[in-house]
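We did not get these values from a lab; they are worked out from the coordinates using the rules stated. None of the values given here were measured: they were computed from a predicted structure. Cβ atoms come from the backbone with ideal geometry, glycine included; neighbour counts cover every protein chain shown.
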């Protein structure tokens, strides 16, 4: 079941840590108007929609349809998984370097390649996570 614009406004407002009164103040409407929107008893005036979208840093399409907003959450989950995988590879490379250097069965060139790969994965994970 697709969310109504009122439910999306309520969700965005709560996620932003705003009260209905605070949102109302930013839009120059009453808190009762915001309450009615969120309960789907009325809809915001069409002239307010771009202001509401800008206030929550989303597109008008995202406000109206919500699909991109939900897709963004999926993208964030994918990003978190990528970061986790990259950090696991970095940890595995670090462990491999430690073990192999302790066993002294591998030359320094091989160890530095492993260490370099691990550091590259760690740096990439930090870059990806920093894109939030």
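Give me the extension gain from residue 120 to residue 88: residue separation times 0.36 nm, minus the current Cα-Cα distance, reported in nm with one decimal. Intermediate values should be presented prior to the final figure.
Numbers: separation 32, 0.36 × 32 = 11.52 nm, distance 1.21 nm.
Gain on extension, residue 120 to residue 88, equals 10.3 nm.
Mean 1/r over all different Cα pairs, inverted: what Kirkwood radius does region 2-64 give, in Å?
Details: mean 1/r = 0.0882 Å⁻¹.
Answer for region 2-64: a Kirkwood hydrodynamic radius of 11.3 Å.
Taking other Cβ within 10 Å of each residue's Cβ, how do 43, 121 sort, fewest first? Could you put the intermediate results ahead of the total?
Working: 43 14, 121 20.
Listed from fewest to most nearby Cβ atoms, that is 43, 121.
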